[in-house]
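Since the structure comes first, as structure tokens, the remarks are kept for the end.
The values are calculated or read from the model by the stated rules, or taken from the named source; none is laboratory data. All values derive from a computational prediction rather than experimental measurement. Every residue, glycine as well, gets a Cβ built from its backbone with ideal geometry; the counts of neighbours run over all protein chains shown.
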Amino acid sequence: MTTTDGSGASYSEAFSISVADVNEGPTDIDLSASRVDENAAGATVGNLTTADEDTRKRHSYSSSPTTAQTATSTATPSPTTQRQSAAIALDSEAENGAVSVTVTTTDGSGASYSEAFSISVADVNEGPTDIDLSASRVDENAAGATIGNLTTADEDSPETHSYTVSDNRFEVVDDGNGNQQLKLKDGIALDSEAENGCGLRHRDHDLTVQARATAKRSVSVLADRK
């Protein structure tokens, strides 16, 4: 800096001006991935990093809703993992394929920044869980008789299911209208007395029907004595 008087005489001196660091706070959050499979309890979504002019600041994270949580790794500086709460899983159908999570990053001075992320929930084949048989009675000596219609409970609806039966005298066929029917094979009939060895009017015949891929159901078919 130079000072000059009215006669033109001057003097100069250098000054050092210190620039005080002011906390500027975080300005952005990055999430390295944004997809998770449904039904994966406690699954990791991705790593969180914070943009901050004060690069050596450490940041803490919080998230909402409470179905999500953050966990800090031991690395320095540490990326933080965004994950689901350990006992919680997401359902693709219930969430319509995606869920919104708001993450807040806070530096050591208390300055914070929040950002909403859309996490896609990938649909995973969950397989059938139950089988229903609409009827369970057939007359003895009725070769090729139809027992009833089979329907399968499956979270992934609509699905097409195939069936297998534990007793090779039975089969599952399409009735031409989209119904899957359990029936005796052509030329095969049941005998009420032979099934349980006595002459009561109704005899139970047990068999297992399986819907691909996982659902099994044991059913009893009554053979009516004529």
Test: residue in region 86-105 that is polar (S, T, N, Q) and within 12 Å of residue 40 (Cβ to Cβ): yes
Count - residues of region 123-180 that are assigned to a loop (DSSP other than H, G, I, E, B) and either of a type outside the set (D, E, K, R) or over 32 Å from the mean Cα position of the chain (by Cα) (or both): 26
Residue 109 being assigned to a loop (DSSP other than H, G, I, E, B) and surrounded by fewer than 14 Cβ atoms within 10 Å (Cβ to Cβ): yes
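Out of 140, 95, report the one residue that is in contact with a helix residue (DSSP H, G or I) (Cβ under 7 Å, 6 or more places away or on another chain) and either within 30 Å of residue 173 (Cβ to Cβ) or among the acidic types (Asp, Glu) (or both).
140
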Close pairs from region 178-205: first over 30 Å from residue 160 (Cβ atoms) and at pLDDT below 50, partner in a helix (DSSP H, G or I) and among the small types (Gly, Ala, Ser), Cβ under 7 Å, at least 6 apart: 203/192
Any pair with Cβ under 6 angstrom, 6 or more apart, that starts in region 151-172 at a residue that is surrounded by 15 or more Cβ atoms within 10 Å (Cβ to Cβ) and polar (S, T, N, Q) and ends at one that is modelled with pLDDT under 85 and in a strand (DSSP E or B): 152/128; 152/211
